[in-house]
Amino acid sequence: MSVLAIDAGTTGVTALIINPDGTVASRGYAEFRQYYPEPGWVEHLPEGIWQATLAACGQALGPAGAAAVSCVGVTNQRETAVIWDRATLAAPRRAIVWQDRRTAGLCARLREAGHEERVRALTGLRLDPYFTATKLTWLAENDPAVWSGVLDGSLAAGTVDSYLIARLTGGRRHVTDASNASRTLLFDIEAGQWSAELCDLFGVPPHALPEVVPSSGITGHTDPAAFGGLSLPIAGIAGDQQAALFGQACFTPGDIKCTYGTGSFVLSATGGTIVRSAAGLLSTVAWMDSAGTLAYALEGSVFVTGAAVQWLRDGLGLLDNAAQSEALARTVPDSGGVVFVPALTGLGAPDWDPDARGAVFGLTRGTTRAHLVRATLDAIAFEVRDVADLMAAEAWPAGSVLRVDGGASANDLLMQLQADQLQVAVERPVVAETTALGAAFLAGLGTGVWSTPAELAATWKLDRRFVPGARDDRAYARWRQAVERTKGWAR
């Protein structure tokens, strides 16, 4: 039997039907609208995410046939804060997206009050607008009508996975898994439960939060009235980056992957050990198995990579489509001295500056759109190197390769630039949609489609291996110089 995987990303929803051999039987995709009400603010309409989910699943299920599907796995953009009515499932306001920077001042206030070290010790994270809790605190301070419903229990609070599962089950289940919970700043990653201390610090009532369940195992069933007449077990849940780690079969400590999506996220599996970074990386839950045992990962989070290419297309009109970026960049030997820092939503690891903003340096009369596109691909490779250089000292064993996935991993030039910058081999699998694949694997493992992680690992197939060539350290040094100049701009 096949598995339906729902991947609710930052700009759209992908649905895949995954065969028992790990191949893709069919797929569907639907975008949803992005809202930018103020500079640095990013919002989504929850109903838009739900309608995109229904549309994508309808496309995927059409050719495969619902009768062939045995269960559902859900993966999602992490950290985004969603509020909805427990009875009607309607959302009273737009969701605040993980990219949103409006809580930078709140984070600074908490940091100045001396809370960051304790928060980091409990959560493995840092005080940054990226994470969910400060978004909820902002709602408490700025949207009292909505927050009163959260306090009285009529409204539920959660991340996108919780919202989608509520919709899929007709409101019967309010759950999240440990990987998503670990991204909220409210979850004690060592104890494996919500922290009363953190809920008190951020002013979030525990009764509003979802039940934390294993990442693999049946947690509910789809409601036929809500989901196209289907009653299917929901048996896999994980945040998108942890799902990609699982989909890449990175089960052994030291296995490393990078997903090139809206942002880029480098994760190194650390098994049952929480690796505490001294260099700006995040300690996070990778997944919780059906027995309640937690596995962990070390993460470097880069906020804007694929979104930079999207910005070239939609914001500047330099590209007709994202795939065109490779061909255009290959028309020039290098960026012509142009350096692009895509801090369009601030800087993540290793700099962690929510007030940084994007900038382009080195423009001349000879600069063409090809140079800007090449500078963008260079920037993505440099951003990942920023993280990898730190991770090499903490959770990157000698001789490791980097497994890559996500939309931008299809760009051969970018992957070669990445191998050159990291000086390690880069391996791209046949199925690059490993985020959805990981959700399918977790669901199938929880329902008997697959029996063991080793069986899942056997389905991984190599598409192409990029061997490192010469590294341009001078260009990277210019990149770091440019990054420093973007810091604190919005302040």
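The values are calculated or read from the model by the stated rules, or taken from the named source; none is laboratory data. For clarity, every value in this text was computed on a predicted model and none was experimentally measured. Methodologically, a virtual Cβ is constructed for each residue, glycine included, from the backbone with ideal geometry; neighbour enumeration extends over all protein chains shown. What goes into the accessible areas is simple: the full protein's heavy atoms, side chains included, and nothing from ligands, DNA or RNA. Shrake-Rupley method; radii C 1.70, N 1.55, O 1.52, S 1.80 Å.
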Exercise. Distance from the Cα centre of region 89-115 to that of region 448-466, in angstrom?
Worked result: 38
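Add +1 for every Lys or Arg and -1 for every Asp or Glu among the other residues with Cβ under 13 Å from the Cβ of Ala225, and state the total. Mind showing how you got there, number by number?
Details: positive: Arg167, Arg172; negative: Asp223.
Spelling it out: positives minus negatives among the neighbours equals +1.
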Exercise. What accessible surface, in Å², does a 1.4 Å probe find on Met1, ignoring ligands, DNA and RNA and rounding to the nearest 10?
Worked result: 120
For this session: Compute the relative contact order of the chain as a whole-number percentage, counting only Cα pairs closer than 8 Å that sit 6 or more residues apart in sequence.
Result: 15
Exercise. Packing-wise, with mean Cβ within 10 Å as the measure, how do 429-437, 333-341 rank, highest first?
Worked result: 429-437, 333-341
For this session: Only one of the values (i) 164; (ii) 248; (iii) 129 was calculated from this structure for volume of the Cα convex hull per residue in Å³; name its label.
Result: (iii)
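Within the accessible area of region 288-403, what % is carbon and sulfur when the probe is 1.4 Å and the other protein chains stay in place? Intermediate values should be presented prior to the final figure.
Numbers: 2290 of 4360 Å².
Carbon plus sulfur share of accessible area: 53 percent.
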Exercise. Expressed as a whole number of Å, what is the distance separating the alpha-carbon centroids of region 1-52 and region 327-367?
Worked result: 28
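Equivalent-ellipsoid semi-axes (√(5λ), Cα gyration tensor) for region 27-123, whole Å, largest first?
Gyration-tensor ellipsoid for region 27-123: 35, 17, 13 Å.
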For this session: Between beta-carbons, use under 12 Å as the cut-off and find the net charge around Val467, counting Lys and Arg +1, Asp and Glu -1.
Result: 0
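Roll a 1.4 Å probe over the protein chains and send me the accessible area per residue for the chain in Å².
Working: 17270 Å² over 491 residues.
Ligands and nucleic acids excluded, the figure is 35 Å² per residue.
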Exercise. Of all the accessible heavy-atom surface of region 411-491, with the other protein chains kept in place and a 1.4 Å probe, what percent is carbon and sulfur?
Worked result: 50
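If you roll a 1.4 angstrom probe over the protein chains with everything in place, what fraction of the accessible area of region 1-121 belongs to carbon and sulfur, to the nearest %? Can you show the working numbers first?
Details: 2430 of 4560 Å².
Accessible surface attributable to carbon and sulfur in region 1-121 totals 53 percent.
From the protein chains alone at 1.4 Å, what is the descending order of accessible area for Leu122, Leu45, largest first?
Working: Leu122 15, Leu45 75 Å².
Most to least solvent-accessible, the answer reads Leu45, Leu122.
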Problem set entry | Separation between Cα centres of region 279-323 and region 389-419, rounded to whole Å | 13
